[in-house]
Amino acid sequence: MDSAGQDINLNSPNKGLLSDIITDVPVDTAVAAHTPAVEGLTEAEEEELRAELAKVEEEIVTLRQVLAAKERHCGELRRKLGLSALDGLKQNLSKSWHDVQVSTAYKKTQETLSQAGQKTSAALSTMGSAISRKLGDMRSSATFKSFEDRVGTIKSKVVGGRENESDNFPSPAESGDKPLPERTPF
């Protein structure tokens, strides 16, 4: 397989293959012969290193080809089984979430947050009880009773006059076809 015609687009039918942009550049021995040797290397050592480099580059190309073939085969198997990329993603996420939940860090965090929630709940309950008690104490105080009496007096003066006028309304049995008397506000 030619490495120049490979495609790396993961959505492509040629998924996993390298694109035209990424190509292996083999070492040209003619050009390499003209480059100066690295200091401290003999010509024999340099030649040995160049041969090893060429071998490693050839292995890389072979491994890429094998990987591309394996990815194509994997894709074919997934299609035959009716599995989509989304199914694989769901499975990976599910497994990852399970791994997180069984991790010690997650368990410690969950325990700490649970304790914090319990303490917060207890504190809010205590605070609510204290507020209720203070409001009860305040309602029993002389100042509040005096204020309550004044509001009651003002209410009776404002509404009290109206209560006496309510006798002017006829009972439903007496009303017949007579209209109700009109009242003016305040």
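Quick rundown of the values:
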| quantity | calculated |
| --- | --- |
| Every pair of residues 6+ apart whose Cβ atoms lie under 9 Å, when the first sits in segment 36-57 and is at negative phi and of a type in the set (D, E, K, R) while the second is part of a helix (DSSP H, G or I) and at pLDDT 95 or above | none |
| Inter-residue pairs, beta-carbon under 7 Å, first on the phi > 0 side of the Ramachandran plot and in segment 117-146, second assigned to a helix (DSSP H, G or I), 6+ apart | none |
| Which listed residue is of a type in the set (A, V, I, L, M), exposed (fewer than 11 other Cβ atoms within 10 Å of the Cβ) and either part of a helix (DSSP H, G or I) or in contact with a helix residue (DSSP H, G or I) (Cβ under 8 Å, 6 or more places away or on another chain) (or both), from 77, 67 | 77 |
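The values are calculated or read from the model by the stated rules, or taken from the named source; none is laboratory data. It should be emphasised that the depicted structure is a prediction, and the values quoted were computed from it without experimental measurement. When we count neighbours, we look across all protein chains shown, and the Cβ atoms used for this are built from the backbone with ideal geometry, even at glycine.
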